[in-house]
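Have a look at the structure below, then the notes.
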Amino acid sequence: QLTVGWLPAFFHPNPKNALVIGYGSGVTVGAVTSIQEIEDIDCVEIESAVYGAGPWFSDINRKSYENPKVHLIYNDARNYMNMTRKQYDIIISEPSNPWIAGVASLFTSEFYDRAVEVLKPDGVFAQWIQLYELDPEDLRMVLYEVQRKFPEMSLWVTDSDLIIIATRQKQKLDVARIAQIVKSDPSMIRDFREFLHSETPEGLLAYYVMSTEAVSKFASNARRNTDDHP
């Protein structure tokens, strides 16, 4: 949850706003608030009770539920994205497992078609995928649908979860910038040590798996996932 909030901001040279799909425990939104350059964070959450539980996780979510940079929107994410005229530097999609009925619509080709339009041309899209209980063919399918609209990708694994970083432009990770961001915030240093098991910001690279060409090879001949045939 922390890494999916930080990684897209590390890949974007100067992010100012972000859209987060799903509030959950508020940890990811809290991670995004710790990036000082980001001034405006919209979080789309379909269930108001989830946001109401935020204070129960105040030890780990940076009290994101009361951060003035965060604007909570109670809506279905697809509905919000179809209606909004805003564009974002970063979009983070972290719904529940793709095999859950209803949630599957946040992994279809039509969802990624619209994500490209809501994201600024130089923006960064991040997708969280729960690897546990997920068939390899379904993983290929999701990767194929993402890469169809975002040709440049890198994959990261933390524990049993996969994080996709997807862009339309070549990806560049400035490790010196990451170190500067992390070292300027004691809470990030703490989280790197406690949750990423790293004493230095560079330790983040241990979670890297593969990039564009390897993803394309792995996802070739994948099935399609569409609204009409999920």
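The values are calculated or read from the model by the stated rules, or taken from the named source; none is laboratory data. From a predicted model like this one, the values you see are computed outputs, not experimental measurements. Cβ placement follows ideal geometry from the backbone for every residue including glycine, while neighbour counts extend to all protein chains displayed. The protein model used for the area step is the full one, side chains on, heavy atoms only, and it has no ligands, DNA or RNA in it. Shrake-Rupley method; radii C 1.70, N 1.55, O 1.52, S 1.80 Å.
Tabulated data for the structure shown
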{"quantity": "3J(HN,Hα) from dihedral phi, the stretch 99-107, Karplus parametrisation 6.51/-1.76/1.60, rounded to Hz, x for glycine, proline", "calculated": "8, 7, 4, x, 5, 4, 5, 8, 10"}
{"quantity": "Accessible area in the full protein assembly, largest first, 1.4 Å probe, for SER96, SER198", "calculated": "SER96, SER198"}
{"quantity": "Stokes-Einstein D (µm²/s) once Rh is taken as the Kirkwood radius of the stretch 1-93 over alpha-carbon pairs, at 4 °C in 1.567 mPa s", "calculated": "100"}
{"quantity": "Qualifying trypsin sites (Lys or Arg not before Pro) for the stretch 110-194 [loop in DSSP, other Cβ within 10 Å: at most 13]", "calculated": "LYS170, LYS172"}
{"quantity": "Spherically averaged projected area of the stretch 154-230 from its Cα convex hull (nm²)", "calculated": "7.2"}
{"quantity": "Neighbour cut-off at most 10 other Cβ (10 Å), DSSP loop, GluC sites (Glu not before Pro), the stretch 122-190", "calculated": "GLU133"}
{"quantity": "Total lysine pairs under 14 Å (Cα atoms) in the chain, excluding pairs fewer than 8 apart on one chain", "calculated": "6"}
{"quantity": "Dimensions in Å of the chain - Rg and Dmax from alpha carbons", "calculated": "16.5, 47"}
{"quantity": "Highest-first arrangement of 30-42, 67-79, where packing means the average Cβ count within 10 Å", "calculated": "30-42, 67-79"}
{"quantity": "Gyration tensor verdict on the stretch 105-177 (Cα atoms; rounded if a/c is under 1.5, prolate if a/b is larger than b/c, oblate otherwise)", "calculated": "oblate"}
{"quantity": "Carbon and sulfur %, accessible surface of the chain computed with the full protein complex present, 1.4 Å", "calculated": "53"}
{"quantity": "Rounded accessible area per residue of the stretch 33-105, 1.4 Å, Å²", "calculated": "53"}
